[in-house]
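Asker: A single structure is presented below for examination.
The values are calculated or read from the model by the stated rules, or taken from the named source; none is laboratory data. Fair warning: this is a prediction, and the values are worked out from it, not measured in the lab. When we count neighbours, we look across all protein chains shown, and the Cβ atoms used for this are built from the backbone with ideal geometry, even at glycine. Surface accessibility is based on the protein's heavy atoms, side chains included, excluding ligands, DNA and RNA. Shrake-Rupley method; radii C 1.70, N 1.55, O 1.52, S 1.80 Å.
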Amino acid sequence: MKGNASNIQVKQLNRNRVFRYINSREKTSMPEIAMALHISTPTVLSIVNELEKRQMVEVNGEFESTGGRKAKILTAVRNSRYAVGLDITANHVSITYTDLSGRALDHRRIRKPFVYSDDYFAEIARLTEKFVEKWNIPSEKIEGMGISMPAIINSREQIITNSHALGVYNVSCRSWTEKMPYRCDLVNDANAAAVTEISGRRIPGNMVYFSLSNTVGGAALFRDDLGRIKFWSPWQGDTYSLYEGDNWRSCEFGHMVIHPGGERCYCGKEGCVDAYCSALKLADRTEGNLERFFLEMEAGNEEFQKVWEEYLQNLAIAVDNLRMCFDCRVVLGGYVGSNISPYIDRIRRLAAEKNIFEKDGSYIDACRYQKEASALGGAILQIERYIDTI
């Protein structure tokens, strides 16, 4: 019995690895798969035949001959499954969708103030269905939808324990999910954005995602199999997991104190990172328009330049603290992270000055995904859940 179970598990693991390899490349061949995954050619042939029968892999011609028999070109049938992702904020709803590629195929942002009510949930469901109809996505191919939000979510009890941004506390996740048109999961917005970030770029080792939006938060991604939420990176071929903490309150970076007795945070403490590094620290000076802040600063607004320099000084303190805690790459995301690329060398220099181990700030990156990262992360997690079953 144990031998049979082990054989079944090994077969499924190899099938999963082969499909993931094919799916992570535009085209490949059986000899390449066998060499890359250290699996025998007969085993690869058997798995590919099985995946072809399940219409998950197809042959698209042949490679040029290198002296022997021409190898068949294998590609994943990426439109065999889809997933929808939403991001809920206090004032907007963002919707996107993806296929097995994990790339955003389209997205839409709608102004829709949040209200915890049945009417709001019904409207979200309607918007989702309308979006699916627009792109003619076959409902039977939709694996599910993921909704990201600025909230602490107790996944074991399925409770949204705290969302200052939405004004929601200790409510059931089912009050959201049961009203949606497809199988649905809720996920913290920073966690979702971090999944998107690492699924689309090459990250050496572990990563901290530092979300700098209207509130400050983050996520920690470890290259291991310790966390509850796991996913596979096509770039490294490794399993990553999100560290959520014992009480689902990990990576609340916005409430680290960097100036004891300083400005009061919305949480009631004084000197929190959120009070100094929230996007509102900048956007409030331009009626909530962050892009306008940067435009006016670059146009020579001396007051804004001073505000930005103070912001960077405080950000450097917070980033250095993250480096001391996690000793890994730090990716700056959220609203500010989406605008920080032109200033990345400045923040690297400021952080390097504070680092007691190395005078190097190259571990800091600006986020790659600047639009709808959280919504896409919600969809990617649904795709990952499906691929795990292959």
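Asker: Which one of G262, G227 is surrounded by 15 or more Cβ atoms within 10 Å (Cβ to Cβ), at pLDDT below 90, assigned to a loop (DSSP other than H, G, I, E, B) and at negative phi?
Answerer: Step by step, each of G262, G227 is checked, and only G227 is surrounded by 15 or more Cβ atoms within 10 Å (Cβ to Cβ), at pLDDT below 90, assigned to a loop (DSSP other than H, G, I, E, B) and at negative phi.
Asker: Determine if segment 152-161 includes at least one residue that is among the aliphatic types (A, V, I, L, M), at pLDDT 95 or above and open to solvent by less than 10 Å² (accessible area, probe 1.4 Å).
Answerer: Yes, some residue in segment 152-161 is among the aliphatic types (A, V, I, L, M), at pLDDT 95 or above and open to solvent by less than 10 Å² (accessible area, probe 1.4 Å).
Asker: Which one of these is without any contact (Cβ under 8 Å) to a residue 60 or more places away in the chain, open to solvent by less than 40 Å² (accessible area, probe 1.4 Å), under 24 Å from N355 (Cβ atoms) and of a type in the set (V, I, T): V336, V273, V330?
Answerer: V273
Asker: Next up: Take E358 and tell me if it is surrounded by 21 or more Cβ atoms within 10 Å (Cβ to Cβ) and either modelled with pLDDT under 95 or more than 14 Å from the chain's Cα centre (by Cα) (or both).
Answerer: For E358, the condition - surrounded by 21 or more Cβ atoms within 10 Å (Cβ to Cβ) and either modelled with pLDDT under 95 or more than 14 Å from the chain's Cα centre (by Cα) (or both) - is not met.
Asker: Hey, another quick one. Read through the list (1) surrounded by 13 or more Cβ atoms within 10 Å (Cβ to Cβ); (2) under 16 Å from the mean Cα position of the chain (by Cα), then give the number of the only condition that K371 fails.
Answerer: Unmet condition: (1).
Asker: Name every residue in segment 308-326 that is under 21 Å from V257 (Cβ atoms) and either open to solvent by 40 Å² or more (accessible area, probe 1.4 Å) or over 26 Å from the mean Cα position of the chain (by Cα) (or both), in order of residue number.
Answerer: E310, Q313, I317, N321, M324, C325, F326
Asker: Checking the structure you have, find out if any residue of segment 200-216 is over 29 Å from R25 (Cα atoms) and without any contact (Cβ under 8 Å) to a residue 40 or more places away in the chain.
Answerer: no
Asker: Of everything in segment 117-133, what is without any contact (Cβ under 8 Å) to a residue 12 or more places away in the chain and within 18 Å of D99 (Cβ to Cβ)? Give them in sequence order.
Answerer: Scanning segment 117-133 gives a single hit, E133.
Asker: Can you name every residue in segment 117-162 that is in contact with a helix residue (DSSP H, G or I) (Cβ under 8 Å, 6 or more places away or on another chain) and in a helix (DSSP H, G or I)?
Answerer: Answer for segment 117-162, where residues must be in contact with a helix residue (DSSP H, G or I) (Cβ under 8 Å, 6 or more places away or on another chain) and in a helix (DSSP H, G or I): F121, V132, S139, K141.
Asker: For segment 276-287, how many residues are surrounded by 14 or more Cβ atoms within 10 Å (Cβ to Cβ), out of contact with any helix residue (DSSP H, G or I) (no Cβ under 6 Å at 6 or more places or on another chain) and not in a helix (DSSP H, G or I)?
Answerer: 1
Asker: Continuing with this model, one more query. Looking at segment 163-195 only, could you name the residues that are assigned to a strand (DSSP E or B), buried (at least 18 other Cβ atoms within 10 Å of the Cβ) and not β-branched (V, I, T)?
Answerer: S163, C184, D185, L186, N188
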